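Structure first, then comments.
What follows is calculated from the coordinates using simple rules that are stated; it is not laboratory data. All of these numbers come straight from a predicted model, not from anything done at the bench. Because the Cβ atoms are built from the backbone with ideal geometry, glycine has one as well, and the counts that use them run over all protein chains shown.
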Amino acid sequence: MAASPTKDFRFYYTKYPAEIGCLGLFVIMLIYLFIGKKKTLELAEKWHEKTLPLLKSNFAYVGVTDGHTNMEFE
């Protein structure tokens, strides 16, 4: 008995080339998404490490107490 034509890859390749192309594009986009997320996270962490001391020193006195830590509300 001959094999069913639906189990052969050539059948799907000839009948559904657009769907196969879209599936391939989808896989490539998923890979690109995860690589981009990783690189963006690394970039944000580097920026955070470099700017956190500067931000802490510039904004250390922001608040309702006008920069005096021992001042109480009246």
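A few remarks follow.
- Local electrostatic count at Glu49 - Lys and Arg +1, Asp and Glu -1, tallied over other residues with Cβ under 14 Å: +1
- Against the compact-protein benchmark of 2.2 N^0.38 Å, the Cα-based radius of gyration of the range 8-56 scales to 2.13.
- Counting only Cβ charges, +1 for Lys and Arg and -1 for Asp and Glu, the dipole size of the range 8-56 around its Cα centre is about 180 debye.
- Table column - 3J(HN,Hα) (Hz), the range 24-33, Karplus curve with 6.51, -1.76, 1.60, x for Gly and Pro: x, 5, 4, 5, 4, 5, 5, 4, 4, 4
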